[in-house]
Amino acid sequence: MRVLIAGAGPTGLTLAVDLARRGVDVRVVDKAAEFFAGSRGDGLQPRTLEVFDDLGVLEAVLDAGITMPPPIRAHVAGEFVGEHVMFEPQEPTPDVPYPNGCMLGQSRTEEILRERLAGFGVRVELGTELTGFRQDDDGVDVVLDDAERMRVDYLVGADGGRSFVRKSLGIPFEGTTDESIRMLLGDVAADGLDHDFAHWFGLTPDPRDGIVLTPLSGGEQFQFAAPLVGDPSLAGLQALLDRFSGGMDIRLHDLSWSTVWRPNTRLAERFRDGRVFLAGDAAHTHPPTGGQGLNTGVQDAVNLGWKLAAEQHLDTYEAERLPVAASVLGLSTATLKKYTDGNPEAFRRGTEFHQLGISYAGGPLARDSRAEPGRVVAGDRAPDGPVDEKTRLFDLFRGPHWTTLAFGCPAPGEEHAHRIDGLALEIYDVTPGTIVRVRPDGYIGSIS
């Protein structure tokens with residue numbers, strides 16, 4: 001089977017790694033002439049870290065990133081007024097091993113995924129643009145750079161908010177673009193700021209009227225977010241900081257990446273058209289509030305990957321992921337409204353942002369035959385838990401297979417089937433004799 005992925009961002013790369021490790025002939029193309037260099041989506045949520053554990057890149061991500069969100073030091077009119085945290089750090093538990101997420105610039109995340117993909121013999125083809133495609137019942141004929149022609153079994157558009165694939169299919173991209181809000185985002189170094197903290201400067205406590213600088217790992221740079229006022233250059237940004245900081249002696253330098261952002265909140269009407277699929281920003285675009293966009297795209301990829309590889313349950317991709325994307329968009333939009341309303345709690349984030357509670361319960365692949373289901377039901381994320389002194393459930397799940405857990409009873413005579421005793425019964429809230437089948441993407445398929 002051959003799959004072409006258009007777009008080499010986090011979504012396309014995650015999908016490519018998942019397919020490549022399953023032995024699928026996958027090709028990844030991107031029209032960009034060079035790899036993206038910048039922080040952009042720098043917040044990796046706990047559920048994304050679990051996916052990266054399964055894909056074999058977690059250690060590299062944690063080594064490169066910041067695993068505890070730094071406190072935010074707030075200054076109003078040049079005066080320090082206190083510290084606050086975006087969310088309270090949590091201790092790992094047997095069922096949630098990565099409770100705090102990780103901060104890592106998007107370009108470094110993509111680099112780690114590319115390195116993993118190269119280990120399977122697949123390399124991203126830069127400067128290669130998808131310029132046309134036509135599908136029939138048996139495959140998709142694609143055109144690259146208006147010259148090369150090839151036939152694939154499936155095409156995945158992970159080509160961003162301006163997706164050529166989505167537009168070519170004529171799929172509506174419903175939502176709004178708010179032209180009244182424009183922000184300048186980017187990466188810059190700063191002399192005079194403690195890199196162990198994030199910093200917010202404003203003339204008043206109103207979160208709408210200030211500049212925030214958040215430390216990036218691997219150097220001295222900060223990611224900044226500021227209202228777009230005046231010249232979007234280093235000099236313009238320095239003038240903005242001087243104004244909001246009350247003239248504090250902070251010197252900015254080495255502006256390495258910047259972009260002008262406006263709220264563009266949209267959701268594709270459907271995520272599949274025959275043998276062509278949409279994933280990531282091609283299917284849904286989010287405001288950056290809450291750090292949900294990149295993470296939702298990663299979840300799209302792992303939901304789609306195992307289904308494509310098996311050529312099964314393909315209709316369930318949209319049925320499972322579109323409602324999730326709509327829900328996450330609602331969360332991001334509500335958080336943005338807190339900023340625009342001047343809510344002083346706009347910086348706060350709860351566990352609802354971690355994506356651990358996302359469930360496909362009640363969906364087409366969730367089967368729970370128990371008369372009285374417990375706390376954990378079919379369709380939920382499969383929790384971690386101890387198996388013995390050296391092994392945990394995530395170790396059993398890791399890889400492209402289904403896993404069968406036999407709680408307190410002999411395991412069936414099949415590959416990747418295991419008897420599970422002890423604390424895991426309590427975590428899963430099951431009785432001895434219960435059989436749980438865990439999907440390749442880490443969600444529970446059935447409980448009986």
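Can you spot a residue in the range 295-302 that is crowded, with 23+ Cβ neighbours inside 10 Å and assigned to a loop (DSSP other than H, G, I, E, B)?
No.
Given the conditions (1) exposed (fewer than 14 other Cβ atoms within 10 Å of the Cβ); (2) among the small types (G, A, S); (3) not assigned by TED's automatic domain parsing to the domain that holds D300, report the number of the one that G186 does not fulfil.
The one condition G186 does not meet is (1).
Somewhere in the range 28-44, is a residue under 22 Å from T296 (Cα atoms) and without any contact (Cβ under 8 Å) to a residue 24 or more places away in the chain?
No - not one qualifying residue is present in the range 28-44.
Out of contact with any Leu (no Cβ under 7 Å at 6 or more places or on another chain) and either crowded, with 22+ Cβ neighbours inside 10 Å or in the same structural domain as A16 (by TED's automatic domain parsing) (or both): is that true of G280 in this structure?
yes
Which strands (runs of 3 or more DSSP E) sit wholly inside the range 88-160 and have at least 3 residues that are in the same structural domain as G38 (by TED's automatic domain parsing) and either within 21 Å of the chain's Cα centre (by Cα) or closer than 27 Å to R266 by Cβ (or both)?
130-135, 140-144, 154-157
Each row is one residue, and each column tells you yes or no for (1) of a type in the set (A, V, I, L, M); (2) crowded, with 20+ Cβ neighbours inside 10 Å; (3) over 20 Å from the mean Cα position of the chain (by Cα).
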site: V17; (1), (2), (3): yes, yes, no
site: R22; (1), (2), (3): no, no, yes
site: K31; (1), (2), (3): no, no, yes
site: F35; (1), (2), (3): no, no, no
site: Q45; (1), (2), (3): no, yes, no
site: E50; (1), (2), (3): no, yes, no
site: G56; (1), (2), (3): no, no, no
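If you take the residues of the range 299-335 that are modelled with pLDDT under 95, touching a strand residue (DSSP E or B) at 6+ places or on another chain (Cβ under 8 Å) and among the aliphatic types (A, V, I, L, M), which of them is farthest from I444 (Cα to Cα)?
Within the range 299-335, the match that is farthest from I444 (Cα to Cα) is L329.
Pick from the range 221-266 the residues that are touching a helix residue (DSSP H, G or I) at 6+ places or on another chain (Cβ under 6 Å) and assigned to a strand (DSSP E or B): which of them is farthest from D178 (Cα to Cα)?
L252
Given the criterion touching a Phe, Trp or Tyr at 6+ places or on another chain (Cβ under 6 Å) and either among the basic types (K, R) or within 22 Å of F353 (Cβ to Cβ) (or both), identify the matching residue among A64, A74.
Going through A64, A74 in turn, the sole match is A74.
Check G170, G192 and return the single one that is assigned by TED's automatic domain parsing to the domain that holds G82, surrounded by fewer than 21 Cβ atoms within 10 Å (Cβ to Cβ) and on the phi > 0 side of the Ramachandran plot.
Only one candidate qualifies: G192.
Please work out if R349 is part of a helix (DSSP H, G or I) and either crowded, with 18+ Cβ neighbours inside 10 Å or at pLDDT 95 or above (or both).
For R349, the condition - part of a helix (DSSP H, G or I) and either crowded, with 18+ Cβ neighbours inside 10 Å or at pLDDT 95 or above (or both) - is not met.
The values are calculated or read from the model by the stated rules, or taken from the named source; none is laboratory data. Everything quoted here is computed from the prediction, not taken from an experiment. Neighbour counts are summed over all protein chains in view; Cβ atoms, including those assigned to glycine, are modelled from backbone coordinates with ideal geometry.
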